[in-house]
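Structure, as structure tokens:
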Amino acid sequence: EAGVAQSPRYKIIEKRQSVAFWCNPISGHATLYWYQQILGQGPKLLIQFQNNGVVDDSQLPKDRFSAERLKGVDSTLKIQPAKLEDSAVYLCASSLGRVGEQYFGPGTRLTVT
Amino acid sequence: DAKTTQPNSMESNEEEPVHLPCNHSTISGTDYIHWYRQLPSQGPEYVIHGLTSNVNNRMASLAIAEDRKSSTLILHRATLRDAAVYYCILRDPLPNAGGTSYGKLTFGQGTILTVHP
């Protein structure tokens, strides 16, 4: 089966610019996650969707980050405006249910200069 | 979130067994022990999970201490492709206090496994 797809794979922007990442989960997976992974650290959950509803966004910096999952399938994560400390790999994952095995995409490496 | 403690790094030789330890002294009765690994430049991938009994699958074995305060991930014959960061994670399948979030994965630093030819 096809895995989790993410695009772009790499993005370089200047601080204060905006950027968007796209994720297509595994077909039929109801739960979708966005993680931020800073170099040398483990991934940190930013937001979790169940179908198209948000169930956990407690660690999402809502003043600059936003995410949506239209129609309960694809999702986009946006940063506006970006800061230097947002440089990281942004990982999307999906699972069948809320506690199932999570399948991760390859990530988008963001560099903010 | 319950915490786990893992060594920062470990080394192994190819085709030898590898035992990756994890301490989780504050584990609760409903926490499952999950292991994920992250190969270079890839997203994490699921390895194995268990609750109380030892578990085996095609990738690895998970040995859980009787008091559940520690566990060990066993790779029976390490290959160069097993070089990765291994994360031990406690996962509670029950809903959080708000009743909305289930089974959150909280990644720590993990153990960097180096496999020598």
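The values are calculated or read from the model by the stated rules, or taken from the named source; none is laboratory data. Keep in mind it's a predicted model, so treat the numbers as computed, not measured. Cβ: placed from backbone, ideal geometry, glycine included. Neighbour counts: every protein chain shown. We work out accessible area using only protein heavy atoms, side chains counted, and drop any ligands, DNA or RNA first. Shrake-Rupley method; radii C 1.70, N 1.55, O 1.52, S 1.80 Å.
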Considering chain A as a Gaussian network with a 10 Å cut-off on Cα pairs, which listed residue, A:TYR90, A:TYR35, A:TYR103, attains the greatest mean-square fluctuation?
A:TYR103
Along the positive direction of the dipole of chain A (beta-carbon charges: Lys, Arg +1; Asp, Glu -1; about the Cα centre), which of A:GLY97, A:VAL54, A:TYR10 reaches farthest?
A:TYR10
Write down the accessible area per residue of chain A in Å², having rolled a 1.4 Å probe over the full set of protein chains.
48
Among B:ALA83, B:PRO93, B:GLY103, which residue has its Cα furthest toward the positive end of the charge dipole of segment B:55-117, with +1 on Lys/Arg Cβ and -1 on Asp/Glu Cβ?
B:ALA83
Mind checking which lysines have their Cα closer than 28 Å to the Cα of A:LYS71? Skip sequence neighbours fewer than 8 apart in that chain.
A:LYS11, A:LYS44, A:LYS62, B:LYS104
Cut-off 15 Å between beta-carbons: net charge of the residues surrounding B:TYR86, Lys and Arg +1, Asp and Glu -1
-1
Between B:MET59 and A:ARG16, take the C-beta separation as r, use R0 = 45 Å, and let me know the FRET efficiency to the nearest 0.05.
0.55
Of the residues B:VAL47, B:VAL18, B:VAL55, which exhibits the maximal mean-square fluctuation in a Gaussian network model of chain B defined by a 10 Å Cα contact cut-off?
B:VAL55
By accessible area (1.4 Å), largest first, B:HIS19, A:HIS29 order as B:HIS19, A:HIS29
Net charge contributed by nearby residues that have their C-beta within less than 11 Å of A:GLN17 (K/R +1, D/E -1)
+2
Nearest 20 debye, what's the magnitude of the dipole of chain B about its Cα centre given +1 on Lys and Arg Cβ and -1 on Asp and Glu Cβ?
240
Buried accessible area, chains B and A (both chains, 1.4 Å probe, Å² to nearest 100):
1600
Mean separation of Cα contacts under 8 Å (6+ apart) over length of segment B:1-78, as relative contact order %:
34
Looking only at trypsin sites (Lys or Arg not before Pro) in DSSP loops with at most 14 other Cβ atoms within 10 Å, what is the longest site-free stretch of chain B?
B:4-57
